[in-house]
């Protein structure tokens, strides 16, 4: 009888925690639909549009990321055409990926800790504004993180009748994470360290490690056969690896570490205190993954906020374990403790979305579409408004000082003259971004300032 009462109480607590999680998910969904678009989201959509319209990535236009995420966006562009509906549809697609990542986090925590910790982990992850805001953006990082989490999950999953299957599935997911974004190479190294540790503990054999990386390499083969059918190895290596590691516009990660701590203060506190609550080796492995993911940011040339994404699910697990331990089976204490990050994050998620909505961005994109035709050229330069029109240069973004074009010039003698390009392609609309001489005859005699946007000039008919 007492067992039945205990199960009933626990089930009610689980339902209550699920309701909290569902409310947070609903708020995140709202933010996903209405929050301001990031610069990288327009880059992803425009890259997909270029590919869909027959342009060859790396050859016809600059890009420093693998194309496989963009391929997944092609059906969305095909379904919604050249309209801003693509942006909302893209956000919905990414939101689904976010939900999968949330579920994967739950499953990892359930395998390593327990169901209650797993549920609280999902709640804490949903209060991390750094993770939430970057996870709902149309960027390859979201898909890369999803495959990365799946890879980690299979390392903690056992298939009784097929003892090696978990390693095979983990390897395949890790390879998929890598082909989405090259920066997953850091997690390839991390996984190798984890496997060596398990080899030392005699949990796996040397043949298992060899099999793991053989499967990893075999999974990569078809993807890289495709890439090298588009571009030479040397060209791909320079655009996707060298430029990213020698980018002239690099900066210190200190500021973003500070923002991470400020925005997700309670998560950090729970995580740090939770490190003293870890018991067995698998839980300590989760701490290792979290620390590795936090520290690897120090070796990134441009350590933007999305580089913290892989660490946060594992920080949430350790923080959740701490919260569940200190509540000492008292559900009211548990609710009180998690209320602080929930309230703190909800203000940012809802308030930030209201203050920084995407209404004006969509208006500007629609304005450009309304004033151009399908075959017209447009000069944007900063991926601010041009999603569905041709560009006037190989470098359609990154033309600012110390941007990707200046970095590229350290390897190649590249002639870039914005006025010559405008004169040659006669774009219907030009932005003033990195156009420093508006009195140049090419502009002065052929363009007039837009009556709606001060930074746009429209060709005189």
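Evaluate the following for residue 44: is it at pLDDT 95 or above, closer than 21 Å to residue 310 by Cα and not assigned by TED's automatic domain parsing to the domain that holds residue 391? Taking the combined requirement at face value, the residue satisfies it.
Per-residue answers, yes or no, for (1) on the phi < 0 side of the Ramachandran plot; (2) outside any helix (DSSP H, G or I); (3) free of Cβ contacts under 8 Å to residues at least 40 places away in the same chain:
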residue: 184; (1), (2), (3): yes, no, no
residue: 196; (1), (2), (3): yes, no, yes
residue: 207; (1), (2), (3): yes, no, yes
residue: 222; (1), (2), (3): yes, no, yes
residue: 239; (1), (2), (3): yes, no, no
residue: 244; (1), (2), (3): yes, no, no
residue: 250; (1), (2), (3): yes, yes, no
residue: 260; (1), (2), (3): yes, no, no
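Note on segment 407-421: residues that are closer than 24 Å to residue 56 by Cβ and part of a helix (DSSP H, G or I) amount to 5. Residues in segment 85-100 that are crowded, with 22+ Cβ neighbours inside 10 Å and under 13 Å from residue 148 (Cα atoms): 98 only.
On the stretch given as segment 362-396, residues that are closer than 30 Å to residue 239 by Cβ and part of a helix (DSSP H, G or I) total 4.
For segment 24-118, the helices (runs of 4 or more DSSP H) that sit wholly inside it and include 2 or more residues that are more than 25 Å from residue 184 (Cα to Cα) and without any contact (Cβ under 8 Å) to a residue 24 or more places away in the chain are 68-80, 85-112.
Criterion applied to 133, 159, 147 was being without any contact (Cβ under 8 Å) to a residue 40 or more places away in the chain and closer than 28 Å to residue 34 by Cβ, and the one residue passing it is 147. Scanning segment 362-382 for residues that are surrounded by 22 or more Cβ atoms within 10 Å (Cβ to Cβ) and closer than 26 Å to residue 32 by Cβ yields 365, 368, 380. Screening residue 383 against (1) in contact with a helix residue (DSSP H, G or I) (Cβ under 6 Å, 6 or more places away or on another chain); (2) assigned by TED's automatic domain parsing to the domain that holds residue 266 leaves a single unmet condition, (2). Checking each residue in segment 162-182 for being surrounded by 15 or more Cβ atoms within 10 Å (Cβ to Cβ) and either farther than 26 Å from residue 97 by Cβ or without any contact (Cβ under 8 Å) to a residue 24 or more places away in the chain (or both) picks out 166, 169. Among the residues of segment 244-280, those identified as under 20 Å from residue 111 (Cα atoms) and surrounded by fewer than 13 Cβ atoms within 10 Å (Cβ to Cβ) are 276, 279, 280. Taken over segment 343-361, the criterion of being in a helix (DSSP H, G or I), at pLDDT 95 or above and crowded, with 17+ Cβ neighbours inside 10 Å is satisfied by 361 alone.
The values are calculated or read from the model by the stated rules, or taken from the named source; none is laboratory data. These figures come from a predicted structure and were not determined experimentally. All Cβ positions, even for glycine, are placed from backbone atoms using ideal geometry, and neighbour counts span all protein chains on display.
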